[in-house]
Amino acid sequence: MSAKYKKVLIIILCVFMLSACGKAEESVEGKLIKVGFSQLGYESDWRAANTLSMTEALSEEHGYELLYENAKQRQDNQLLAIRNFVLQNVDIIILAPVSETGWDNALAEARNAGIPVIIVDREVDVENENLYLCAIGSDFFSEGITAVNWLEEELVKTGRDKEEIRIFNLKGTKGATAEIGRTKAIEKAAAEHNNWNINAEYFGEFTEAKAYEIVRDFLNSGGEMDVLYSQNDNMTFGAMKAFDEAGISYGEGGDVIIISFDAVQRALSMCMEGKINLCVECSPLHGPRVEELIRAYLDGEEIDKKIYVEESFFTPENLSEEIISERQY
Ligand code: GZL
């Protein structure tokens, strides 16, 4: 084969390889990577920390042009955001989905445009998992199991393991992976303990205001509970306000055991004071993790479909001012 013919062949091969790469590679050569991030809302301290983590990681100094849209907890706003990102020809879309279903068409549009989608925090339930590159977040069912295992031990420790235990399941946004997983865990545990009774289940939307109204109305109607299983700290803060107004004590030695998810600093301080019995950690700090996934994708590395982050839990016994002050959210 002549040298000239070899040279032509090499050039053709290079052109073929470049065109076979995803959109993002084309954008790597000296340009900012254009990222569209659809954040679901502003509903909680956790969400504010998640937004900060994501926008700090996907900043211009890190090599990104970030298009950020906040959906105010409405899926239709997120669907519009995805379509807008496709029209703007972004290199990658990051989606923090408000709930699990209803994404197939919008994700198919992104895929047809050659734009990879990374799902962050909650998950999507779609016909074809190839509609997104990967999902990174928490194992919410596992968080719930941590909580019910602690409750089982706590009731034995306090000699209440044979008593009837009335559980109020204060749920987050309906159909959100966090709500589904945490609810599944408490419902499984209640089925396994014949003296555990979930006597109330309400959707508090992960907000303080909604939770306050729900718990206030429940108490005013004569409702009682032994355990508040609150699926995020902001709903716990709302419930505490209702308990205070009703003269109901809570926390260590109180009328109501409080289990709360997220472990934001405000909740950890209350836990250290004994007002919350258990804080189950749910990390919002996905920015650096997502940035790492984008780099891995650009480098053509193999990426797992589902990535769950390691998380822990806190009680008054294992907390200190120092631990709380060192927390990033
Ligand atoms: C959990 C996240 C939940 C938090 C809430 O990863 O989706 O949404 O638990 C937040 O605080 O509103």
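The values are calculated or read from the model by the stated rules, or taken from the named source; none is laboratory data. It should be emphasised that the depicted structure is a prediction, and the values quoted were computed from it without experimental measurement. So basically every Cβ, Gly included, is an ideal-geometry build from the backbone, and we count neighbours across all protein chains shown. When the accessible area is computed, the model is the full protein with side chains, heavy atoms only, and any ligands, DNA or RNA have been set aside. Shrake-Rupley method; radii C 1.70, N 1.55, O 1.52, S 1.80 Å.
Of all residues in region 188-210, those satisfying the criterion of being surrounded by 20 or more Cβ atoms within 10 Å (Cβ to Cβ) and assigned to a loop (DSSP other than H, G, I, E, B) are GLY204, GLU205, PHE206, THR207.
Give the residue that is farthest from ASN169 (Cα to Cα), with candidates limited to residues of region 218-245 that are in contact (Cβ under 8 Å) with a residue 12 or more places away in the chain and open to solvent by 50 Å² or more (accessible area, probe 1.4 Å). Steps first, please.
Within region 218-245, the first condition is being in contact (Cβ under 8 Å) with a residue 12 or more places away in the chain, and the residues that meet it are 218-220, 223-243, 245.
Retained after the next criterion (residues that are open to solvent by 50 Å² or more (accessible area, probe 1.4 Å)): 220, 224, 241, 245.
Details: ASN220: 17, GLU224: 12, LYS241: 17, GLU245: 20 Å.
Per the stated criteria, the residue is GLU245.
If you go through region 156-166 one residue at a time, do you hit one that is buried (at least 19 other Cβ atoms within 10 Å of the Cβ) and part of a strand (DSSP E or B)? Scanning region 156-166 turns up at least one residue that is buried (at least 19 other Cβ atoms within 10 Å of the Cβ) and part of a strand (DSSP E or B). The set of residues in region 125-141 being in a helix (DSSP H, G or I), within 15 Å of ASP104 (Cα to Cα) and of a type in the set (A, V, I, L, M, F, W, C) consists of LEU131 alone.
Residues that are more than 16 Å from the ligand (Cβ to nearest atom), surrounded by 23 or more Cβ atoms within 10 Å (Cβ to Cβ), under 19 Å from GLY137 (Cα atoms) and aliphatic (A, V, I, L, M): does region 86-96 have at least one?
We begin by selecting, within region 86-96, every residue more than 16 Å from the ligand (Cβ to nearest atom); these are 86-93.
With surrounded by 23 or more Cβ atoms within 10 Å (Cβ to Cβ) added as a condition, the list becomes 90-93.
Filter once more, so that each one left must be under 19 Å from GLY137 (Cα atoms): 92-93.
If we keep only those that are aliphatic (A, V, I, L, M) too, we end up with 92-93.
Yes; the residues of region 86-96 include at least one that is more than 16 Å from the ligand (Cβ to nearest atom), surrounded by 23 or more Cβ atoms within 10 Å (Cβ to Cβ), under 19 Å from GLY137 (Cα atoms) and aliphatic (A, V, I, L, M).
Can you name the residue in region 247-275 that is of a type in the set (Ser, Thr, Tyr) and more than 16 Å from the ligand (Cβ to nearest atom) and, of all such residues, is nearest to ASP121 (Cα to Cα)? Can you show your working first?
Step one: filter region 247-275 for residues of a type in the set (Ser, Thr, Tyr), giving 249-250, 260, 269.
Remaining after also requiring more than 16 Å from the ligand (Cβ to nearest atom): 249-250, 269.
Values: SER249: 33, TYR250: 30, SER269: 24 Å.
Of everything passing the filter in region 247-275, SER269 is nearest to ASP121 (Cα to Cα).
Screening region 248-324 for strands (runs of 3 or more DSSP E) wholly inside it with 1 or more residues that are open to solvent by less than 10 Å² (accessible area, probe 1.4 Å) and of a type in the set (A, V, I, L, M) returns the ranges 257-262, 278-281.
Of the residues in region 173-187, how many are more than 13 Å from the ligand (Cβ to nearest atom) and either open to solvent by less than 20 Å² (accessible area, probe 1.4 Å) or in contact with a Gly (Cβ under 8 Å, 6 or more places away or on another chain) (or both)? Steps first, please.
Quick first cut of region 173-187, residues more than 13 Å from the ligand (Cβ to nearest atom) only: 184-187.
Remaining after also requiring either open to solvent by less than 20 Å² (accessible area, probe 1.4 Å) or in contact with a Gly (Cβ under 8 Å, 6 or more places away or on another chain) (or both): 184-186.
Qualifying residue count, region 173-187: 3.
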